[in-house]
Amino acid sequence: MNHYKFQIALIYLVFSMGCHTKTNKESEATQAPSDANVISLDAMQDKNAGIQLGAISNSKLSSTLRVYGRTFFPPENMLTVTSPYGGIVKSIQVIQGQSISKGQTIAILEDPRFIDLQQDYLMTKSKLKLAQLDYDRQKDLNQAKANSDKVYQIAENEYRTNQILLKSLSEKLKLLGINPQNLTENSITRTVVIRSSASGLVSNVNANMGKYIMPSESIVDIINQTNPYLKLKIYEKDLQFIQKGLRLTAYSNSDTTVQYSCEVRSINPQVAQDGSAEVVCSFINMHKTIYQNMNLIAQVELSNNQATSLPDEAIVDFEGQAYVFLFIKNGQYKMIPIQKGNSENGRTEILNPTELLSQKVVTKGAYTLLMAMKNKEE
């Protein structure tokens, strides 16, 4: 019923102003102010508009800070599978997106150098046995003063040199996944198996059959999804609200029902040129899988703060700009632009309140004044 009365009053006000414009143009030209943002009403129009006045005041408003972020995994969760030696890919046994376990076969490489390395190991192992026998014999002879020190030293040097070489070749074989203890002349192979050193998901496959893989070139990339993080971009004006340990909620714009609880872990002390700083958050609950580079919205509930505010009804929006009307004198009001902040419980924060201080503000009937002003312009 009240809404119906408001519509009748608005129609009457617009109609009466139209008639007033047509019948008394000379009088309007005398009374109307030159400022295009000022509206003048006669006594009847002012009464029908139902104007009520108030003042800007302080009130407690809680606010919600919404920022955008992207998920990432720390370096220890990112694995690039490579080979210490180059080789031709004879088999690739994973595909992108596949879940793999630690020790699982990734690829099989083939290269003549694998044969050479095994051959060198076995030959050095054989030489070491002979050098050790000669060293032990020369040592006994030297102790008995049956040979010169030089002969003994040459035998010792040969023995030590082959020891070092065998150890070096042994470690190289281990890098290829070949157990030197089990290597014999009958088990020499021209291929090596490349295995994963961690569990996770295959994010990239960079090899194919027949491709020659260079030493340390990436064969596949693996992501361990057990410890994701969320990196937020917080602008300088909002950094005051962010502190280590702060809890927040993150969700995807495509599905707001799935929400993740997060906690601020670190704040980058360096502010970028665009006035923002990076804030890293860890996930507290993970009821759904987190992927690399997911775009999420983070929502931070800020504590109640004293804010200069007005009733929501006092604010009107026109062409993307918010306005309020100030009382000048009876029947005369001025429309001024404002910047809105957070809204709660029927009140909205005013971010630029200076011009409104000690002024009477239209708290009811502002929309009626806006419609009347735009009708007058037409």
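The values are calculated or read from the model by the stated rules, or taken from the named source; none is laboratory data. No experiment lies behind these values; they were computed from the predicted model shown. Note that each Cβ is placed from the backbone with ideal geometry, even for glycine, and that neighbours are counted across all protein chains shown.
Computed quantities for the displayed model
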item: Qualifying residues in region 142-151 (those that are of a type outside the set (D, E, K, R) and at pLDDT below 90) - the one surrounded by the fewest Cβ atoms within 10 Å (Cβ to Cβ); result: 144
item: Counted residues, region 218-252 - those being under 30 Å from residue 195 (Cβ atoms) and not in a strand (DSSP E or B); result: 7
item: Selection from region 225-251 of residues that are in contact (Cβ under 8 Å) with a residue 40 or more places away in the chain and more than 30 Å from residue 97 (Cβ to Cβ); result: 234, 235, 236, 238, 241, 242, 246
item: Residue 168 vs. criteria part of a loop (DSSP other than H, G, I, E, B), out of contact with any helix residue (DSSP H, G or I) (no Cβ under 6 Å at 6 or more places or on another chain) and surrounded by fewer than 16 Cβ atoms within 10 Å (Cβ to Cβ); result: no
item: Selected residue (criterion: nearest to residue 302 (Cα to Cα)) from residues of region 253-288 that are part of a strand (DSSP E or B) and among the β-branched types (Val, Ile, Thr); result: 264
item: Count of residues meeting criterion [surrounded by 17 or more Cβ atoms within 10 Å (Cβ to Cβ) and touching a residue at least 60 places away in the same chain (Cβ under 8 Å)] in region 43-58; result: 5
item: Only listed residue being touching a residue at least 40 places away in the same chain (Cβ under 8 Å), assigned by TED's automatic domain parsing to the domain that holds residue 100 and surrounded by fewer than 12 Cβ atoms within 10 Å (Cβ to Cβ), chosen from 210, 200; result: 210
item: Filter result (over 26 Å from residue 229 (Cα atoms) and touching a helix residue (DSSP H, G or I) at 6+ places or on another chain (Cβ under 8 Å)) within region 67-85; result: 84, 85
item: Failed item, numbered, when residue 298 is tested on (1) of a type outside the set (S, T, N, Q); (2) in a strand (DSSP E or B); (3) more than 26 Å from residue 223 (Cβ to Cβ); result: (3)
item: Flag if residue 189 is surrounded by 13 or more Cβ atoms within 10 Å (Cβ to Cβ), hydroxyl-bearing (Ser, Thr, Tyr) and farther than 21 Å from residue 81 by Cα; result: yes
item: Qualifying position, being within 26 Å of residue 64 (Cβ to Cβ) and in contact with a helix residue (DSSP H, G or I) (Cβ under 7 Å, 6 or more places away or on another chain), among 271, 264; result: 271
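So that you can scan it fast, the table gives a plain yes or no per residue for (1) of a type in the set (Ser, Thr, Tyr); (2) farther than 27 Å from residue 168 by Cβ:
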residue: 93; (1), (2): no, yes
residue: 99; (1), (2): yes, yes
residue: 103; (1), (2): no, no
residue: 106; (1), (2): no, no
residue: 114; (1), (2): no, no
residue: 127; (1), (2): no, no
residue: 130; (1), (2): no, no
